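Worksheet: one structure, shown below.
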């Protein structure tokens, strides 16, 4: 039975995950090494709840109770001792995740489930950093978490079937649609999405069309809600590059090789919406 949840990392994904669990009456402790990041996360959650309130999706009491269901902590070792589920949502870098998993292995209870929100890093690899790999699973939420319905549930090589069932049932309690996939590079979502984004960037790089033309064709002709160039900016060009490198390394197939234009954009610090400029400018 999952009642109390710790979310590690108070960035965009972490605060979205905390928001959803708290909204559905779970007790949530949001953990980050930065007190200012925790404060920003609570402010973001409050603003997102206000948006839901303005659309009559929740009541004023729902907002108050959701915020009361969230506590914050900068002490991971203390925060995870009495929780039923930990969701790791730190930066998409394996060395950072490795350190977090090693800490979780030392401080979590004997029946706690450890989930990662990773979008590309192997769950089996992450589980190797902990002494109970059978209790490690992937819960890949989509951004923005309160809006998007999918949870990509990734089974590691040693994930126990009972853990998978628990997480599938939990996803439904959150009014999400959990879908099980196996642990191979990019899983399903990014194995299909990232080559599409990469090919769009290649088309731009080769002068086949402008960014506006490429995005318009995919929105108007293929019914995509957002064009691939715009979506890359929204995800973060550094994140796209990192995932493509995982795919390229994992499969050794040149079709996953990142476009040089994407590499140059990241090296120039043009990371998309979060940096104020990517393929498009943001103010």
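The values are calculated or read from the model by the stated rules, or taken from the named source; none is laboratory data. Computed from a predicted structure; not experimentally measured. Every residue, glycine among them, receives a Cβ derived from its backbone with ideal geometry; neighbour counts consider all protein chains shown.
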(request) Mind listing whichever residues of region 133-155 are in contact with a strand residue (DSSP E or B) (Cβ under 8 Å, 6 or more places away or on another chain) and within 19 Å of residue 80 (Cα to Cα)? (result) 135, 136, 137, 138, 139
(request) Filter region 250-283 down to the residues that are touching a residue at least 40 places away in the same chain (Cβ under 8 Å), within 24 Å of residue 213 (Cβ to Cβ) and in a helix (DSSP H, G or I), then identify the one that is nearest to the chain's Cα centre (by Cα). (result) 273
(request) Scan 247, 220, 241 and give me the residue that is out of contact with any strand residue (DSSP E or B) (no Cβ under 9 Å at 6 or more places or on another chain), without any contact (Cβ under 8 Å) to a residue 40 or more places away in the chain and within 27 Å of residue 118 (Cα to Cα). (result) 241
(request) Considering only residues that are outside any helix (DSSP H, G or I) and surrounded by fewer than 15 Cβ atoms within 10 Å (Cβ to Cβ), look in region 210-231 and name the one that is farthest from the chain's Cα centre (by Cα). (result) 210
(message) Please pick out the residue among 139, 168 that is at pLDDT 95 or above and crowded, with 18+ Cβ neighbours inside 10 Å.
(response) 139
